[in-house]
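Read-outs: derived from the displayed coordinates by stated rules, not from any lab. In this text the structure is predicted, and so the values were computed from the model without any measurement. Note: ideal-geometry Cβ built from the backbone for every residue, glycine included; neighbour counts use all protein chains shown.
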Amino acid sequence: MTLLAVEKLDCRYGLLQAVRGVSFEVGQGETVALIGANGAGKTTLLRAIAGAHRPHGGRVLMDGADINSMPAHRRVSRGIALVPEGRRLFGGLTVMENLRVAASRRPGRWSVDSVLEVFPMLQPRRRALAANLSGGEQQAVAIGRALMSNPRLLLLDEVSLGLAPVVVDAVYRSLSGIIGEGATVVLVEQDLTRALEVAGRVICLLEGRVVLEGRAASLDRDRVVSAYFGLKRPA
Amino acid sequence: MTILNAILQGIFLGAFYAVLACGLSIMFGVMRIINLAHGDVAVLGAYIVLVIVDRTGVSAFVAFLIALPVMVVLGYALHFSVLERSLRAGILTPLLATFGLSIVIQNLLQLAFSPDVHSLGGSAGAVTTSSWQVTGGLSVSALGVLVLVTAVVVFGALQLLLSNTRLGWMMRATAEDADAAELVGINSRAVYASATALAVVIAALGGLFLGIRSVFDPVSGPTQLIFAFEAVVIGGMGSLWGTLLGGIALGIAQTLGAQIHPQFAVLAGHLLFLAVLVARFGGARVVLRTAR
């Protein structure tokens, strides 16, 4: 069943066109990785789906319903949650407050307790200000904060950025647990190996366009790499 | 003993300034708006209380309770009609818009109530005149104590709101990063509007105290704004308890200044304000650079 559909989406920053006519669908329970070089439009695409960026053209559909004119906070109650690039925690709020402020009325498995269970490293830091956490802890709070709304669609933007490899491993271990429970996830990841590992399907963007799409298992690495860098540009 | 008395009276006066400054501090803290019409909103609150007192004959305090819902509605109206639109246009526009609003409120009040001076002192009961003589040179007025206690209660309640309630967390989250707040499901428009409503209600409380302590007319607002603004800056912009302490510091400076010469009172407050400005921000040069 299709949960999210993106149709001919165009996103612009003034004259700069960041996303050009992108269309794809994400089914219930799928994990899709968006890959591509810096500036390919991945972050903009996620922000447009979450409602933080108003697209110039095209549509975003959730359960077949057009949500283009819906502000970001209402999309959260529809079940879309974005872990933004750079984490964007509320630094002056404690870990607990960061989580509790994001709690929604949507019923589901996630609460402060269950988030702390999945990210045990946060347990002793509950009363610490988010600004005083380490990078890994901050990323855990950012993911936990998104989970607090019990999303049906989780959007993850570069969760490994700026983290030590060991910490990235820990974050991804927790994530694969969440994905294993049947969550629908769209993630942006710079690390190709990791993206292919976690995702069932891969969409590669180049200069705002989809240049390659396929099952992660069926794609060979060379094809992905050349699409990623635009070595063999489709005519 | 006169110095001690001056400091005590300064604390009472400062508590009044702190109540006036509280709403200004909330709006600056949450929305980064400096509401230049804040003093006029306080005076408008005083006039609304005056109208209720005149029509019904109740005491000023009861009239204030009746006026509360009116002020809440006014707060939301102010936000959605003026502040929200001007916020979208950058940081300078709210300053200009509220400056214009200040003039509009003053002139509407002139039209409706004439430039005559009014007071709520007569309708506030015994609290305006009672006092306790502690020792020979030290007297504590009931009104001073009432204002101080109210100020502490207001700031304490705000502290509880901000640290223990969901609305408080939403306000702090939106103040830090409105974009990220939207992404976790917070309706930032609604949060901003409730912050404005809260600020307007507390401004009206300041207006009530202004009317009981002394007199007001349609153009009393800007003077109140200056004292409130100074209290906010002395206390560290947007910090809650800092605003209370800033107000009290301003009050003490004024009453101590009055000990030297009655005309020196307001000037002493301004000098403290300038001294804090220079000390905190490293002189006028830095202030000018950051303002640009």
Checklist entry - Over region A:1-145, what is the mean sequence separation of C-alpha contacts under 8 Å (at least six apart), divided by residue count, expressed as relative contact order in percent? => result 20 percent
Next on the checklist: Quick check: the distance between the Cα centres of region B:74-88 and region A:44-99, to the nearest angstrom?
Outcome noted: 25 Å
Item to check | Diffusion constant of region B:105-207 at 4 °C, which comes from Stokes-Einstein with the Kirkwood Cα-pair radius and 1.567 mPa s, µm²/s | outcome: 74 µm²/s
Item to check | region B:50-177: projected area of the alpha-carbon convex hull, averaged over directions, in nm² | outcome: 12.0 nm²
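I'd like the per residue volume of the convex hull spanned by the Cα atoms of region B:1-45, given in cubic angstrom. Write out the running numbers ahead of the final one.
Numbers: hull volume 3.7 nm³, N = 45.
For region B:1-45, the hull spanned by Cα atoms encloses 82 Å³ per residue.
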Next on the checklist: Sequence gap at least 6, Cα distance under 8 Å: using those rules, report the relative contact order of chain B to the nearest whole percent.
Outcome noted: 37 percent
Next on the checklist: Report the Cα-based extents of region A:1-132 along its three principal axes, largest first, to the nearest Å.
Outcome noted: 46, 33, 25
Next on the checklist: Let me check the size of region B:2-291 from its C-alpha atoms; what are the radius of gyration and Dmax in Å?
Outcome noted: 18.9, 62
Next on the checklist: If I build a Gaussian network model for chain B, linking alpha-carbon pairs within less than 10 angstrom, which residue out of B:G14, B:G246, B:G257 has the largest mean-square fluctuation?
Outcome noted: B:G257
Next on the checklist: Please give the Cα centre distance for region B:244-274 versus region B:99-173, rounded to the nearest Å.
Outcome noted: 19 Å
Item to check | Compactness index (Cα Rg / 2.2 N^0.38 Å), region A:120-204 | outcome: 1.09
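What FRET efficiency, computed as 1/(1 + (r/R0)^6) with R0 = 45 Å and r the Cβ-Cβ distance, is obtained for A:D191 and B:Q159, rounded to the nearest 0.05?
For A:D191 and B:Q159, the calculated efficiency is 0.50.
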Item to check | Dipole of region B:2-291 [Lys/Arg +1, Asp/Glu -1 at C-beta], most positive-end residue of B:F61, B:M71, B:G185 | outcome: B:G185
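List the GluC sites (Glu not before Pro) in region A:80-189 that DSSP assigns to loop (not H, G, I, E or B) and whose Cβ has at most 12 other Cβ atoms within 10 Å. Which are they?
Working: sites: A:E85, A:E97, A:E117, A:E137, A:E158, A:E181, A:E189; in loops: A:E85, A:E158, A:E181, A:E189.
The qualifying sites are A:E181.
Rounded to the nearest whole Å³, what is the per residue volume of the convex hull around the Cα atoms of chain A? Working shown, then result.
Details: hull volume 29.4 nm³, N = 235.
Per-residue hull volume (Cα only) is 125 Å³.
Calculate the FRET efficiency for B:L271 and A:L161 from the Cβ-Cβ distance with a Förster distance of 45 Å, rounded to the nearest 0.05. List each step's numbers first, then the result.
Values: r = 50 Å, r/R0 = 1.11.
The formula returns an efficiency of 0.35 here.
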Next on the checklist: Rounded, prolate or oblate, given the Cα gyration tensor of region A:88-138, with a/c below 1.5 counting as rounded?
Outcome noted: oblate
Checklist entry - How do the peptides B:231-237, B:132-138, A:198-204, A:56-62 rank, highest first, by the average count of neighbouring beta carbon atoms within 10 Å per residue? => result B:231-237, A:198-204, A:56-62, B:132-138
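Return one quarter of the surface area of the convex hull spanned by the alpha-carbon atoms of region B:37-111, equal to its mean projected area, in nm². Kindly include the intermediate steps, with their values, before the conclusion.
On the way: hull surface 20.6 nm².
Value for region B:37-111: 5.1 nm².
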Next on the checklist: Suppose each label sits 7 Å from its Cα in the direction of the beta carbon; what would the B:R55-A:V112 distance come out to in nanometres?
Outcome noted: 4.5 nm
Item to check | Distance (nanometres) between label positions extended 7 Å along Cα→Cβ at B:V73 and B:V149 | outcome: 3.2 nm
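Between B:V104 and A:L16, what FRET efficiency comes out of the Förster formula 1/(1 + (r/R0)^6) with R0 = 35 Å and r the beta carbon distance, rounded to 0.05?
Values: r = 41 Å, r/R0 = 1.17.
FRET efficiency, A:L16 to B:V104: 0.30.
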Checklist entry - About its Cα centre, what dipole magnitude does region B:2-291 give when the only charges are +1 on Lys and Arg Cβ and -1 on Asp and Glu Cβ, stated in debye to the nearest 20? => result 340 debye
Checklist entry - Can you work out the base-10 log of I(q)/I(0) for the protein assembly as shown at q = 0.07, 0.08, 0.10 1/Å, using the Debye formula on its C-alpha atoms alone? => result -0.51, -0.64, -0.86
Checklist outcome for this item: Cα-based Rg then Dmax for region A:170-235, in Å, read 12.9, 41
